[in-house]
1. When you scan the range 220-250, how many residues do you find that are touching a residue at least 40 places away in the same chain (Cβ under 8 Å) and of a type in the set (K, R)?
2. Applying the selection to the range 237-250, what residues are surrounded by fewer than 20 Cβ atoms within 10 Å (Cβ to Cβ), outside any strand (DSSP E or B) and of a type in the set (F, W, Y)?
3. Any residue in the range 484-501 that is at positive phi sitting within a Cβ distance under 7 Å of a residue that is open to solvent by less than 10 Å² (accessible area, probe 1.4 Å) and of a type in the set (A, V, I, L, M, F, W, C)? List the pairs, counting only those 6 or more apart or interchain.
4. Filter the range 338-358 down to residues that are out of contact with any strand residue (DSSP E or B) (no Cβ under 7 Å at 6 or more places or on another chain) and at pLDDT 85 or above, then give me how many there are.
5. Any residue in the range 322-337 that is among the aliphatic types (A, V, I, L, M) and at pLDDT below 90?
6. Just one of P353, P360, P317 is under 16 Å from V285 (Cα atoms) and touching a residue at least 40 places away in the same chain (Cβ under 8 Å); which is it?
7. Which of the residues belonging to the range 184-200 are open to solvent by 50 Å² or more (accessible area, probe 1.4 Å) and not hydroxyl-bearing (S, T, Y)?
8. Name the residues in the range 467-499 that are open to solvent by less than 50 Å² (accessible area, probe 1.4 Å) and among the polar types (S, T, N, Q), would you?
Amino acid sequence: AMFADGSAGSVDVGSLWRRDRSARCEAKSCQTGPIATAEAAVQAGRKREAGVQTEQGCPGLPAPGSLQEGPTDAAHLLSFLQRVEDTVIKELSKNCRSHAFDGFEVNWTDQSETVLCLHTLSYPEAQHRKLQVTGVSWNATGAVIACSYGRLDDGDWSTEKSYVCTWNLDRRGLNPQRPDLVVDAPSSVMCLAFHPSKPSLIAGGLFSGEVVVWDTSRTEDPLISRTGMTDDTHTDPVYQQVNWLPDGKHRNHFHLLSTSTDGKILVWREERDGRLVLAEGFALVAQQIPRSIRLRKPAWGEAAVGVTSLSFSHFDPRVFVVGVEGGFALKCSTAAGTEAPLRPGCSLPLRAPAELAFSPHGGPVYSVSCSPFHRQVLGKHRASEMFFLSRNLFLSCGTDGHVHLHSMLQAQPLVSVQLSKNYLFCVRWSPVRPLVFAAASGEGKDTCLCFKGEVQLFDFEKSAQKAALSIKQAPGESPVYCLEFNIKQPQLLAAGDATGAVHVWQLSSDFTEQGPREMKHLEQLASEVTD
């Protein structure tokens, strides 16, 4: 056989590369070259102190390029100060007694020379139902405005539902036709008022005679308080007025006041269960209205006198003025003790508050506004008397188109101005200009009941007989029913009209900046009180 199994010894082949490397003990690595480092600093070589002098060579002043602490001659300076001390004190005392800059305040806002319409706010659903704006109110921050919707030209009893809408004018992306909040009301809302310190609370007076309170921070169910329909509730619509009144017994607590054409002025307090209950009340009854010998005897019977408007004095919380359907304005007091002779019905006896009847308008008084201005003067008797007079002023307007400037100290008006040939629905005193007020009008002919709605701005400093500016607001022949100044932003004036729109006007600086002698002019008007 050519092939056979066999075994042979093993063969070993050594690695010459490993052996040579081990012999040389080579080590390989990666390394950058050496990095050089150094420390360096910058320092000016020389220092020099320098000064700036407007005039060289003046005695007693340091020369340029030198520093000097304190006066060169302390004794000379002391002698100078002692020599002029009496003169300086005399001039400072004279400035303290001066009234040259009374009423002057620095205005940090941008100046505007024209009156501009910043926003035209509306709720399309209310406009579709032809509802009118019956009231407007600014909240405590001045950023949010609310309006109420109802009908002021419907003489029949109505159960029509309505709305209260709010807009935050500081909100980015404001949509003037989409309110931030819409509150459904069971009856037409005839008036409303924001709480003076709680920005989310709104009180409203309804056509049904109820008074309600909403909390706009509760978007799901904002209604928190209501009077309900009880024997104490108004029997006529709460047309013009709901007011928040400070509670004299509890700090930061408020009551609600409502007025109605049923002749009642009612004050409500809130119970824990959300009910508004009667705390006290007043009634205007014809036979208890005081009559001035200068006024013709009105043909009043033994009936209640319908209240159309009310304004409290800013200086005496007990004093207020009301306007009535008979064309009179009446000075009233919450301190009245005489009981009103009304038929029993209320849970509390009602008092007769009227103290003085003022000269009548030619028709119902729709609005009154007490002056928020006075000057706190100490010293001479004459100055104190002028201060007393100026804080007793108020404005009234009505269907005769006249605005009366009254003092609470006499029956006859100090000034009577015809601003319109027809109705004036609202008048408001400016919060920053003592001689400026605004009025809402609807002009036209009684025979066809057609009106031209205007916002009229009046300035006694410019004229005592005609408006300084008339702004056409509503299209066509729609009247302007209500207006309110913004106390936090006094350049803003809101006005609501019969078309269902609220216009926010930015007033020019002419109507927002008080002149240095404006209060003196107002006091001169007030001093025209006759004996």
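1. Of the residues in that region, 1 qualify.
2. Of the residues in the range 237-250, the ones surrounded by fewer than 20 Cβ atoms within 10 Å (Cβ to Cβ) are 244-250.
Adding the requirement that they be outside any strand (DSSP E or B) leaves 247-250.
Residues satisfying the conditions do not exist here.
3. Correct list of pairs: G500/A126; G500/L131; G500/V133.
4. The qualifying residues number 0.
5. Yes, the range 322-337 has at least one match.
6. On the way: P360 fails: under 16 Å from V285 (Cα atoms); P317 fails: under 16 Å from V285 (Cα atoms).
Answer to the selection: P353.
7. Within the range 184-200, D184, P186, P196, K198, P199 meet the criteria.
8. Within the range 467-499, Q473, S478, N486, Q491, T499 meet the criteria.
The values are calculated or read from the model by the stated rules, or taken from the named source; none is laboratory data. Please read these numbers as outputs of a predicted model, since none were measured by experiment. Virtual Cβ from ideal backbone geometry, glycine too; neighbours counted across all protein chains shown. Please note that ligands, DNA and RNA were not included when accessible areas were found on the heavy atoms of the full protein model with its side chains. Shrake-Rupley method; radii C 1.70, N 1.55, O 1.52, S 1.80 Å.
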